[in-house]
Amino acid sequence: MFTDIYYFSGTGNSFVVARDIARQLDGELLPMAQMMKDPEIVSLADVIGIVFPVHNVVNGGVPAIVRRFLTRLETLADKYVFAVCTCGGGSGDALINIDNLVKDKGGKLSAGFTIKMPFNCPPFTKEDEQANRFNNWNRKLSEICMAVNAHQQIKIPTVNPILQTLFYPLSLMMHASIQNNYRKLSQAPKAEFDEAVRFVDQSFYVDDNCNGCGICAKVCPVVNIEIIENKPVWLHHCESCLACFSWCPQHAIFGGILSGKTQRYHHPWVTLDDMLTGNEDK
Ligand SMILES: Cc1cc2nc3c(=O)[nH]c(=O)nc-3n(C[C@H](O)[C@H](O)[C@H](O)COP(=O)(O)O)c2cc1C
Ligand code: SF4
Ligand code: SF4
(Lines give C-alpha, C1' and ligand atoms only; values in the text may rest on other atoms or scores of the structure.)
(Ligands and ions follow the chains in the order given, each with its own letter.)
Protein backbone atom coordinates (compact mmCIF):
# COMPACT_ATOMS: atom_id res chain seq x y z
CA MET A 1 0.00 0.00 0.00
CA PHE A 2 1.45 3.39 -1.01
CA THR A 3 0.53 6.73 0.53
CA ASP A 4 1.13 10.17 -0.99
CA ILE A 5 0.78 13.23 1.26
CA TYR A 6 0.49 16.43 -0.78
CA TYR A 7 0.83 19.72 1.05
CA PHE A 8 0.87 23.46 0.63
CA SER A 9 2.20 25.71 3.39
CA GLY A 10 3.35 29.31 3.73
CA THR A 11 4.44 29.51 7.34
CA GLY A 12 4.95 25.87 8.28
CA ASN A 13 1.76 24.89 10.15
CA SER A 14 0.49 22.67 7.34
CA PHE A 15 4.04 21.49 6.65
CA VAL A 16 4.35 20.12 10.22
CA VAL A 17 0.97 18.39 9.93
CA ALA A 18 1.85 16.86 6.55
CA ARG A 19 5.36 15.82 7.65
CA ASP A 20 4.11 14.16 10.85
CA ILE A 21 1.37 12.27 9.00
CA ALA A 22 3.79 11.16 6.27
CA ARG A 23 6.22 9.85 8.91
CA GLN A 24 3.54 7.93 10.83
CA LEU A 25 1.96 6.46 7.71
CA ASP A 26 5.30 5.81 6.03
CA GLY A 27 4.04 7.91 3.16
CA GLU A 28 5.74 10.17 0.65
CA LEU A 29 5.73 13.89 1.47
CA LEU A 30 5.05 15.83 -1.74
CA PRO A 31 4.92 19.64 -2.04
CA MET A 32 2.00 20.76 -4.25
CA ALA A 33 3.93 23.81 -5.49
CA GLN A 34 6.65 21.59 -6.92
CA MET A 35 4.21 19.17 -8.52
CA MET A 36 2.58 22.06 -10.39
CA LYS A 37 5.35 22.15 -12.98
CA ASP A 38 3.74 19.09 -14.61
CA PRO A 39 0.56 19.72 -16.62
CA GLU A 40 -0.95 16.50 -15.25
CA ILE A 41 -0.15 14.99 -11.87
CA VAL A 42 -0.30 11.22 -11.67
CA SER A 43 -0.22 9.33 -8.38
CA LEU A 44 0.19 5.57 -8.15
CA ALA A 45 -0.63 5.62 -4.43
CA ASP A 46 -3.71 3.91 -2.96
CA VAL A 47 -4.02 6.54 -0.22
CA ILE A 48 -3.89 10.28 -0.95
CA GLY A 49 -3.68 12.97 1.73
CA ILE A 50 -4.24 16.67 0.99
CA VAL A 51 -2.92 19.11 3.62
CA PHE A 52 -3.39 22.86 3.32
CA PRO A 53 -4.00 26.11 5.21
CA VAL A 54 -7.45 27.68 5.24
CA HIS A 55 -7.33 31.01 3.42
CA ASN A 56 -10.34 33.34 3.71
CA VAL A 57 -12.97 30.97 5.03
CA VAL A 58 -15.81 33.29 3.97
CA ASN A 59 -14.61 32.85 0.42
CA GLY A 60 -14.58 29.05 0.49
CA GLY A 61 -11.36 28.66 2.46
CA VAL A 62 -9.32 26.69 -0.12
CA PRO A 63 -6.23 28.52 -1.47
CA ALA A 64 -6.23 28.91 -5.27
CA ILE A 65 -3.08 26.79 -5.66
CA VAL A 66 -4.76 23.88 -3.86
CA ARG A 67 -7.78 24.14 -6.16
CA ARG A 68 -5.49 24.24 -9.22
CA PHE A 69 -3.52 21.28 -7.89
CA LEU A 70 -6.64 19.15 -7.52
CA THR A 71 -7.81 19.96 -11.03
CA ARG A 72 -4.45 18.76 -12.36
CA LEU A 73 -4.52 15.39 -10.57
CA GLU A 74 -5.19 12.66 -13.09
CA THR A 75 -7.85 10.59 -11.34
CA LEU A 76 -8.85 9.88 -7.77
CA ALA A 77 -11.18 6.97 -8.53
CA ASP A 78 -10.55 3.88 -6.37
CA LYS A 79 -8.27 5.72 -3.96
CA TYR A 80 -8.76 6.47 -0.27
CA VAL A 81 -8.60 10.27 -0.14
CA PHE A 82 -8.42 12.30 3.08
CA ALA A 83 -7.77 15.98 3.73
CA VAL A 84 -6.44 17.95 6.67
CA CYS A 85 -6.75 21.71 6.80
CA THR A 86 -5.01 23.93 9.32
CA CYS A 87 -6.56 27.19 10.41
CA GLY A 88 -6.45 29.80 13.14
CA GLY A 89 -10.20 29.96 13.82
CA GLY A 90 -12.37 27.64 11.75
CA SER A 91 -12.51 25.94 8.38
CA GLY A 92 -16.17 26.60 7.43
CA ASP A 93 -16.95 24.68 4.26
CA ALA A 94 -13.31 24.27 3.13
CA LEU A 95 -13.43 20.48 3.44
CA ILE A 96 -16.76 20.27 1.62
CA ASN A 97 -15.19 22.31 -1.17
CA ILE A 98 -12.28 19.85 -1.28
CA ASP A 99 -14.79 16.99 -1.44
CA ASN A 100 -16.40 18.62 -4.50
CA LEU A 101 -13.01 18.96 -6.21
CA VAL A 102 -12.20 15.32 -5.39
CA LYS A 103 -15.58 14.27 -6.83
CA ASP A 104 -14.70 16.11 -10.06
CA LYS A 105 -11.77 13.69 -10.27
CA GLY A 106 -13.97 10.63 -9.90
CA GLY A 107 -13.18 10.14 -6.22
CA LYS A 108 -14.64 10.91 -2.83
CA LEU A 109 -13.24 12.58 0.26
CA SER A 110 -13.43 9.74 2.78
CA ALA A 111 -12.31 11.76 5.79
CA GLY A 112 -11.58 15.40 6.53
CA PHE A 113 -9.99 16.96 9.59
CA THR A 114 -9.59 20.54 10.80
CA ILE A 115 -6.56 21.31 12.94
CA LYS A 116 -6.37 24.57 14.84
CA MET A 117 -2.89 25.99 14.58
CA PRO A 118 -1.70 29.52 15.36
CA PHE A 119 -3.04 32.28 13.13
CA ASN A 120 -0.17 33.39 10.89
CA CYS A 121 -1.93 36.72 10.27
CA PRO A 122 -4.08 39.06 12.38
CA PRO A 123 -5.47 38.18 14.86
CA PHE A 124 -2.15 36.50 15.70
CA THR A 125 -2.41 33.77 18.35
CA LYS A 126 -0.82 34.47 21.75
CA GLU A 127 2.21 32.34 22.68
CA ASP A 128 0.58 30.33 25.50
CA GLU A 129 -2.33 29.47 23.20
CA GLN A 130 0.17 28.55 20.46
CA ALA A 131 1.70 25.97 22.82
CA ASN A 132 -1.77 24.50 23.52
CA ARG A 133 -2.41 24.13 19.83
CA PHE A 134 0.93 22.37 19.23
CA ASN A 135 0.12 19.93 22.07
CA ASN A 136 -3.35 19.31 20.67
CA TRP A 137 -1.80 18.48 17.33
CA ASN A 138 0.39 15.82 18.95
CA ARG A 139 -2.77 14.20 20.33
CA LYS A 140 -4.74 14.51 17.11
CA LEU A 141 -1.99 13.01 14.94
CA SER A 142 -2.45 9.41 16.07
CA GLU A 143 -6.27 9.72 15.80
CA ILE A 144 -5.96 10.80 12.16
CA CYS A 145 -3.40 8.11 11.32
CA MET A 146 -5.54 5.39 12.92
CA ALA A 147 -8.57 6.54 10.90
CA VAL A 148 -6.56 6.57 7.68
CA ASN A 149 -4.96 3.18 8.35
CA ALA A 150 -8.44 1.73 8.91
CA HIS A 151 -9.74 3.49 5.75
CA GLN A 152 -12.50 4.93 7.90
CA GLN A 153 -15.34 6.82 6.23
CA ILE A 154 -15.95 9.95 8.29
CA LYS A 155 -18.69 12.46 7.54
CA ILE A 156 -17.12 15.68 6.27
CA PRO A 157 -17.79 18.45 8.79
CA THR A 158 -19.69 21.44 7.49
CA VAL A 159 -21.12 24.60 8.95
CA ASN A 160 -24.27 23.95 11.01
CA PRO A 161 -27.19 24.96 8.69
CA ILE A 162 -28.99 26.83 11.51
CA LEU A 163 -25.88 28.86 12.32
CA GLN A 164 -25.32 29.36 8.58
CA THR A 165 -28.81 30.86 8.21
CA LEU A 166 -28.47 32.98 11.35
CA PHE A 167 -25.10 34.35 10.36
CA TYR A 168 -25.80 34.60 6.64
CA PRO A 169 -26.10 38.43 6.57
CA LEU A 170 -22.91 38.73 8.65
CA SER A 171 -21.01 36.33 6.39
CA LEU A 172 -22.16 38.31 3.31
CA MET A 173 -20.80 41.47 4.91
CA MET A 174 -17.50 39.79 5.83
CA HIS A 175 -17.23 38.37 2.34
CA ALA A 176 -17.72 41.79 0.78
CA SER A 177 -15.29 43.39 3.20
CA ILE A 178 -12.53 40.83 2.48
CA GLN A 179 -13.09 41.16 -1.28
CA ASN A 180 -12.89 44.93 -1.01
CA ASN A 181 -9.76 44.76 1.08
CA TYR A 182 -8.01 42.53 -1.46
CA ARG A 183 -9.23 44.72 -4.32
CA LYS A 184 -7.87 47.81 -2.60
CA LEU A 185 -4.52 46.16 -1.86
CA SER A 186 -4.21 44.80 -5.38
CA GLN A 187 -5.24 48.13 -6.95
CA ALA A 188 -7.79 46.23 -9.05
CA PRO A 189 -11.17 47.66 -7.98
CA LYS A 190 -13.26 45.32 -10.15
CA ALA A 191 -11.16 42.16 -9.99
CA GLU A 192 -12.61 38.73 -9.18
CA PHE A 193 -11.41 37.44 -5.82
CA ASP A 194 -8.70 35.07 -7.14
CA GLU A 195 -7.40 37.82 -9.44
CA ALA A 196 -7.28 40.32 -6.57
CA VAL A 197 -5.27 37.81 -4.52
CA ARG A 198 -2.76 37.34 -7.36
CA PHE A 199 -2.21 41.08 -7.46
CA VAL A 200 -2.22 41.67 -3.69
CA ASP A 201 1.59 41.88 -3.94
CA GLN A 202 1.12 45.34 -5.51
CA SER A 203 0.89 46.45 -1.89
CA PHE A 204 4.13 44.74 -0.72
CA TYR A 205 7.24 46.81 -0.04
CA VAL A 206 10.53 46.59 1.88
CA ASP A 207 12.10 49.02 4.32
CA ASP A 208 15.79 49.97 4.63
CA ASN A 209 16.57 46.77 6.56
CA CYS A 210 16.38 44.72 3.35
CA ASN A 211 19.95 43.62 2.53
CA GLY A 212 19.15 41.85 -0.73
CA CYS A 213 19.85 38.35 0.67
CA GLY A 214 17.26 36.80 -1.68
CA ILE A 215 15.68 34.47 0.90
CA CYS A 216 12.21 35.84 0.14
CA ALA A 217 12.62 34.86 -3.52
CA LYS A 218 13.79 31.36 -2.58
CA VAL A 219 11.05 30.75 -0.01
CA CYS A 220 8.16 31.93 -2.19
CA PRO A 221 6.48 28.63 -3.11
CA VAL A 222 5.28 29.91 -6.48
CA VAL A 223 8.37 31.83 -7.72
CA ASN A 224 6.59 35.15 -7.46
CA ILE A 225 9.66 37.17 -6.46
CA GLU A 226 12.74 38.24 -8.40
CA ILE A 227 15.68 40.04 -6.83
CA ILE A 228 16.54 43.04 -8.97
CA GLU A 229 19.26 45.46 -7.87
CA ASN A 230 19.33 43.78 -4.46
CA LYS A 231 15.64 44.27 -3.77
CA PRO A 232 12.64 41.94 -4.18
CA VAL A 233 10.27 42.63 -7.04
CA TRP A 234 6.90 40.84 -6.91
CA LEU A 235 5.51 39.36 -10.13
CA HIS A 236 1.75 39.38 -9.47
CA HIS A 237 0.90 35.72 -9.21
CA CYS A 238 0.82 35.79 -5.43
CA GLU A 239 -0.97 33.22 -3.23
CA SER A 240 -0.96 35.56 -0.21
CA CYS A 241 0.67 32.76 1.81
CA LEU A 242 2.88 35.13 3.85
CA ALA A 243 6.02 32.99 3.43
CA CYS A 244 8.11 35.95 2.22
CA PHE A 245 6.98 38.12 5.15
CA SER A 246 7.53 35.41 7.71
CA TRP A 247 10.88 34.02 6.60
CA CYS A 248 12.62 37.34 5.80
CA PRO A 249 15.43 37.35 8.40
CA GLN A 250 15.40 41.15 8.49
CA HIS A 251 11.59 41.42 8.94
CA ALA A 252 11.87 43.96 6.15
CA ILE A 253 8.68 43.17 4.19
CA PHE A 254 5.43 45.04 4.83
CA GLY A 255 2.01 45.49 3.27
CA GLY A 256 -0.61 43.01 2.07
CA ILE A 257 -3.03 41.65 4.65
CA LEU A 258 -0.40 42.41 7.31
CA SER A 259 -0.70 46.15 6.56
CA GLY A 260 0.34 48.12 9.61
CA LYS A 261 1.46 45.02 11.55
CA THR A 262 5.07 44.25 12.50
CA GLN A 263 4.43 40.84 14.11
CA ARG A 264 5.54 37.81 12.11
CA TYR A 265 4.89 34.10 12.69
CA HIS A 266 6.23 30.82 11.47
CA HIS A 267 5.90 27.39 13.05
CA PRO A 268 8.82 26.95 15.49
CA TRP A 269 9.47 23.31 14.51
CA VAL A 270 10.09 24.20 10.86
CA THR A 271 13.34 25.47 9.38
CA LEU A 272 13.88 27.61 6.34
CA ASP A 273 15.46 24.57 4.62
CA ASP A 274 12.26 22.57 5.23
CA MET A 275 10.31 25.26 3.43
CA LEU A 276 12.76 25.56 0.54
CA THR A 277 12.49 21.87 -0.37
CA GLY A 278 8.77 22.38 -1.03
CA ASN A 279 9.00 25.10 -3.61
CA GLU A 280 8.69 25.23 -7.36
CA ASP A 281 12.03 24.77 -9.11
CA LYS A 282 13.80 28.07 -9.54
C1 LIG B 1 -4.44 34.89 3.39
C2 LIG B 1 -4.80 34.16 4.63
C3 LIG B 1 -6.13 33.99 4.98
C4 LIG B 1 -6.47 33.29 6.15
N5 LIG B 1 -7.78 33.12 6.42
C6 LIG B 1 -8.14 32.40 7.51
C7 LIG B 1 -9.51 32.18 7.80
O8 LIG B 1 -10.40 32.64 7.08
N9 LIG B 1 -9.84 31.45 8.88
C10 LIG B 1 -8.87 30.93 9.71
O11 LIG B 1 -9.22 30.28 10.69
N12 LIG B 1 -7.54 31.12 9.47
C13 LIG B 1 -7.16 31.84 8.39
N14 LIG B 1 -5.83 32.05 8.12
C15 LIG B 1 -4.82 31.49 9.04
C16 LIG B 1 -4.22 30.19 8.51
O17 LIG B 1 -5.21 29.33 8.01
C18 LIG B 1 -3.45 29.42 9.58
O19 LIG B 1 -2.59 30.21 10.31
C20 LIG B 1 -2.72 28.25 8.90
O21 LIG B 1 -2.43 27.27 9.86
C22 LIG B 1 -1.44 28.67 8.20
O23 LIG B 1 -0.87 27.54 7.62
P24 LIG B 1 0.58 27.51 6.98
O25 LIG B 1 1.55 27.89 8.08
O26 LIG B 1 0.77 26.09 6.57
O27 LIG B 1 0.62 28.46 5.85
C28 LIG B 1 -5.45 32.75 6.98
C29 LIG B 1 -4.11 32.93 6.62
C30 LIG B 1 -3.79 33.63 5.47
C31 LIG B 1 -2.34 33.80 5.12
S1 SF4 C 1 14.50 38.14 2.54
FE2 SF4 C 1 14.20 40.18 3.41
S3 SF4 C 1 16.25 41.04 3.53
FE4 SF4 C 1 16.38 39.30 2.13
S5 SF4 C 1 16.03 40.20 0.07
FE6 SF4 C 1 14.04 39.54 0.83
S7 SF4 C 1 13.19 41.34 1.82
FE8 SF4 C 1 15.37 41.75 1.59
S1 SF4 D 1 5.04 36.58 -2.86
FE2 SF4 D 1 5.08 36.14 -0.67
S3 SF4 D 1 2.92 36.00 -0.08
FE4 SF4 D 1 2.99 35.89 -2.32
S5 SF4 D 1 3.05 33.69 -2.79
FE6 SF4 D 1 5.18 34.38 -2.67
S7 SF4 D 1 5.80 34.05 -0.56
FE8 SF4 D 1 3.56 33.91 -0.63
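If both residues of a DSSP beta bridge must be in the chain, then about 20% of such bridges are antiparallel. Determine the shape class of the stretch 168-275: with a ≥ b ≥ c the square roots of the Cα gyration tensor eigenvalues, call it rounded for a/c under 1.5, and otherwise prolate if a/b is greater than b/c, oblate otherwise. Note, shape of the stretch 168-275 comes out prolate.
For the stretch 191-204, 3J(HN,Hα) computed residue by residue from phi via the Karplus equation (6.51, -1.76, 1.60; θ = phi - 60°) reads 5, 5, 4, 4, 5, 4, 5, 3, 9, 4, 5, 4, 9, 7 Hz, glycine and proline entered as x. Going by the alpha-carbon gyration tensor, a ≥ b ≥ c the square roots of its eigenvalues, is the stretch 152-199 rounded (a/c under 1.5) or, if a/c is not under 1.5, prolate (a/b greater than b/c) versus oblate? Oblate, because a/c is 1.5 or more while a/b does not exceed b/c.
Whole-Hz Karplus values for the stretch 21-36 come out as 5, 4, 5, 5, 8, 6, x, 8, 8, 10, x, 4, 4, 6, 5, 5 Hz, taken residue by residue from phi with 6.51 cos²θ - 1.76 cosθ + 1.60 and θ = phi - 60°; glycine and proline positions read x. Think of it this way: in the chain, Cys85, Cys87, Cys121, Cys145, Cys210, Cys213, Cys220, Cys238, Cys241, Cys248 stand alone, with no other Cys Cβ under 4.7 Å.
Taking the C-alpha atoms only, the angle from helix 127-149 to the longest principal axis of the chain is near 30 degrees.
Which log10 I(q)/I(0) values, to two decimals, does the chain give at q = 0.07, 0.09, 0.13 Å⁻¹ under the Debye formula with one point per Cα? Results for the chain at q = 0.07, 0.09, 0.13 Å⁻¹ read -0.25, -0.41, -0.89. A Förster distance of 22 Å, applied to the separation of the beta-carbon atoms of Lys261 and Met174, puts the FRET efficiency at 0.70. Per-residue ellipticity at 222 nm, computed for the chain from helices alone with -39500 (n - 2.57) per DSSP H run of at least four residues, works out to -11000 deg cm²/dmol. All other residues whose Cβ lies under 14 angstrom from that of Val197 are scored, Lys and Arg at +1 and Asp and Glu at -1, for a net of 0. Relative to its residue count, the stretch 66-161 spans a Cα convex hull of 112 Å³ per residue.
The fraction of accessible area contributed by carbon and sulfur in the stretch 30-73 is 53 percent, rounded to a whole number (1.4 Å probe; ligands and nucleic acids excluded). Here each label is just a point 7 Å from Cα along the line to Cβ, and for Phe2 and Glu226 those points are 3.7 nm apart.
For the chain, the solvent-accessible area of protein heavy atoms averages 48 Å² per residue (probe radius 1.4 Å; ligands and nucleic acids excluded). Each Lys and Arg contributes +1 and each Asp and Glu -1, all at the Cβ; summed about the Cα centre of the chain, the dipole is approximately 620 debye.
Among the listed pairs Lys190/Lys218; Lys116/Lys261; Lys79/Lys140; Lys37/Lys116; Lys108/Lys140, those with a Cα-Cα distance over 27 Å are Lys190/Lys218; Lys37/Lys116. DSSP beta bridges confined to the stretch 3-160 are antiparallel in about 0 percent of cases.
In this simple spin-label approximation, His236 and Leu276 carry label points 7 Å from Cα along the Cα→Cβ vector, and these lie 3.0 nm apart.
Were the residues from Ala150 through Glu28 laid out at 0.36 nm apart, the gain over their Cα-Cα distance would be 42.1 nm.
Peptide packing: for 224-237, 243-256, the average count of neighbouring Cβ atoms within 10 Å per residue gives the ranking 243-256, 224-237, highest mean first.
Any chance you could run the full-extension gain for Thr75 through Asn132? It's 0.36 nm times the residue separation minus the Cα-Cα distance, nm to one decimal. My answer for the length gained is 16.7 nm. In terms of packing, defined here as the mean over residues of other Cβ atoms within 10 angstrom, the peptides 165-171, 6-12, 203-209, 25-31 line up highest first as 6-12, 25-31, 203-209, 165-171. Our coupling estimate for the stretch 44-58, obtained by passing each phi through the Karplus curve with A = 6.51, B = -1.76, C = 1.60 and θ = phi - 60°, is 8, 6, 8, 10, 10, x, 10, 10, 7, x, 6, 10, 6, 4, 6 Hz, Gly and Pro reported as x.
The values are calculated or read from the model by the stated rules, or taken from the named source; none is laboratory data. The model shown is predicted, which means the values in this text are computed figures rather than measured ones. All Cβ positions, glycine included, derive from the backbone under ideal geometry; neighbour counts span all protein chains shown. The accessibility values were calculated without ligands, DNA or RNA, using every heavy atom of the protein model including side chains. Shrake-Rupley method; radii C 1.70, N 1.55, O 1.52, S 1.80 Å.
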